[in-house]
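Pasting in a structure now, in structure tokens, and then I'll have a few things to ask.
The values are calculated or read from the model by the stated rules, or taken from the named source; none is laboratory data. Bear in mind the structure is a predicted one, so any value in this text is a computation, not a measurement. Please note: Cβ atoms are built from the backbone with ideal geometry, for glycine as well, and neighbour counts cover all protein chains shown. Surface areas here come from the heavy atoms of the whole protein model, side chains and all, with no ligands, DNA or RNA. Shrake-Rupley method; radii C 1.70, N 1.55, O 1.52, S 1.80 Å.
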Amino acid sequence: MFTKREIISMKDFSQDEIDCILKKAQELEVYARGEKPSDLLSGKIMANLFFEPSTRTRLSFETAMKRLGGEVLNLGSEEASSISKGETLADTVRVISQYCDVLVLRHPKQGAARMAAEYSSVPIINAGDGAGHHPTQTLLDLYTIKRESRLNGISVAIVGDLKYGRTVHSLAYALALYDTRISLVSPEQLRIPDTIKSDLEGMGAEVFETSELSSVINDVDVLYITRIQRERFPDPAEYRKVAGSYRISVDLLNDVKDNLIIMHPLPRVTEIDVEVDSTKYAKYFKQTFYGVPIRMALLTMLMETDDEA
Ligand code: NCD
């Protein structure tokens with residue numbers, strides 16, 4: 001189903017396809033935990049091309065590949081590569097795709113992954129394109145919800161920077177495929193782009209917008225909070241107006257649902273007090289682990305040979 005396919009946007013996925021990836025991830029969890037060795041991807045090479053900072057995404061892709069017996073190439077810093085001589089992204093991708101079986105790209109420009117796919121001879125995985133999309137984060141978010149809560153009949157609050165946050169753009173599209181009520185909580189200036197909102201409504205999703213976290217926090221099953229994306233603001237003064245808009249403290253959790261889960265794609269800045277980490281609601285560090293089996297699932301599905309598919 002997935003062999004040689006690009007992973008660019010959650011808009012390209014059906015619910016059946018997502019469920020299939022989540023199921024595969026569960027099968028691979030034992031390898032993700034390092035409890036059993038595997039050579040499923042032995043002889044395969046993944047190239048990491050990251051043009052923006054990354055901790056979890058890059059390293060969990062590497063872990064996934066290495067735990068399955070594969071190899072990893074890293075472009076390294078822009079200064080150390082031919083990009084510093086003026087090489088275009090198209091040429092870089094055209095060249096590196098000849099050295100690997102799959103290429104993972106993070107780039108500050110929205111649309112970069114879609115463009116790169118036109119020049120690559122191997123599947124491209126979008127690991128974040130500016131304020132665009134971040135589909136592998138969404139798959140691990142859905143997997144976290146499935147493992148720690150349930151994926152249907154729930155109410156989800158997505159909180160923070162809904163304008164520039166690529167993780168929430170991808171997540172909203174995916175949740176719209178499931179039976180979920182979505183509350184979009186943001187400062188007025190950081191509302192979700194209109195095109196996404198109308199797409200969600202067109203998909204039949206139940207979407208509600210507010211700037212008041214207190215109006216929804218006690219009714220939701222999943223609280224997904226995000227960082228205000230400082231680096232995407234054209235004007236630092238505009239960032240300062242909204243910085244620190246939402247902050248989850250232990251006090252705020254007094255009347256929440258007993259089975260609430262709190263998620264965050266991380267890194268957090270001031271959105272969640274460290275005291276919350278030891279509550280039963282906090283799932284954001286577990287969420288980062290779930291990135292490994294999810295990325296294993298994607299990598300194996302993309303690199304399956306035809307007779308295995
Ligand atoms: C996110 C990203 O890069 O979009 N991080 C991640 O991949 N886990 C979220 C962010 O930077 O705020």
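State which residue is farthest from the chain's Cα centre (by Cα) when the search covers only region 289-309 and only residues that are surrounded by 24 or more Cβ atoms within 10 Å (Cβ to Cβ) and among the small types (Gly, Ala, Ser).
By that ranking, first place goes to 297.
Same structure again: Given region 1-119, what helices (runs of 4 or more DSSP H) lie entirely inside it while holding 3 or more residues that are touching a strand residue (DSSP E or B) at 6+ places or on another chain (Cβ under 7 Å) and within 16 Å of the ligand (Cβ to nearest atom)?
Numbers: elements: 15-32, 56-67, 89-96, 112-119.
The helices (runs of 4 or more DSSP H) meeting that bar are 56-67.
Residue 201 versus (1) charged (D, E, K, R); (2) open to solvent by 50 Å² or more (accessible area, probe 1.4 Å); (3) within 25 Å of residue 288 (Cβ to Cβ); (4) away from the ligand (no atom under 16 Å from the Cβ): which is the lone unmet condition?
(3)
Follow-up question, since we're still on this one. Please specify each residue of region 206-240 satisfying the condition of being open to solvent by 20 Å² or more (accessible area, probe 1.4 Å), free of Cβ contacts under 8 Å to residues at least 60 places away in the same chain and touching a strand residue (DSSP E or B) at 6+ places or on another chain (Cβ under 9 Å).
206, 207, 208, 209, 210, 211, 212, 215
Restricting to region 169-198, what's the tally of residues that are closer than 24 Å to residue 8 by Cβ, open to solvent by less than 10 Å² (accessible area, probe 1.4 Å) and among the small types (Gly, Ala, Ser)?
Residues in region 169-198 being closer than 24 Å to residue 8 by Cβ, open to solvent by less than 10 Å² (accessible area, probe 1.4 Å) and among the small types (Gly, Ala, Ser): 3 in total.
Need pairs with beta-carbon distance below 8 Å; first residue free of Cβ contacts under 8 Å to residues at least 40 places away in the same chain and β-branched (Val, Ile, Thr) and within region 241-258, second in a helix (DSSP H, G or I) and crowded, with 18+ Cβ neighbours inside 10 Å; sequence gap 6+ or separate chains.
Filtered contacts from region 241-258: 248/276; 250/276.
All but one of (1) among the hydroxyl-bearing types (Ser, Thr, Tyr); (2) in contact with a Ser or Thr (Cβ under 9 Å, 6 or more places away or on another chain); (3) closer than 24 Å to residue 268 by Cα hold for residue 121; which doesn't?
(3)
Right, something else. In the set 75, 28, which member is of a type in the set (A, V, I, L, M, F, W, C), under 30 Å from residue 87 (Cα atoms) and in the same structural domain as residue 122 (by TED's automatic domain parsing)?
None of the others qualify; the one that does is 75.
Would you point out the residue of region 53-88, among those that are modelled with pLDDT under 95 and of a type in the set (A, V, I, L, M, F, W, C), that is most open to solvent (accessible area, probe 1.4 Å)?
Ranking the candidates gives 80 first.
Look through region 120-142, keep the residues that are within 15 Å of residue 49 (Cβ to Cβ) and away from the ligand (no atom under 12 Å from the Cβ), and return whichever of them is most open to solvent (accessible area, probe 1.4 Å).
The qualifying residue most open to solvent (accessible area, probe 1.4 Å) is 121.
Being open to solvent by 10 Å² or more (accessible area, probe 1.4 Å), away from the ligand (no atom under 14 Å from the Cβ), in contact (Cβ under 8 Å) with a residue 12 or more places away in the chain and not assigned by TED's automatic domain parsing to the domain that holds residue 246, is that true of even one residue in region 146-161?
No: zero hits.
So which residues in region 8-41 are open to solvent by less than 70 Å² (accessible area, probe 1.4 Å) and more than 30 Å from residue 200 (Cα to Cα), if there are any at all?
Once the filter is applied, which keeps residues that are open to solvent by less than 70 Å² (accessible area, probe 1.4 Å) and more than 30 Å from residue 200 (Cα to Cα), region 8-41 yields 28, 29, 30, 31, 32, 34, 38, 41.
Any chance you could count how many residues in region 241-288 are among the hydroxyl-bearing types (Ser, Thr, Tyr), open to solvent by 20 Å² or more (accessible area, probe 1.4 Å), touching a strand residue (DSSP E or B) at 6+ places or on another chain (Cβ under 8 Å) and under 24 Å from residue 25 (Cβ atoms)?
1
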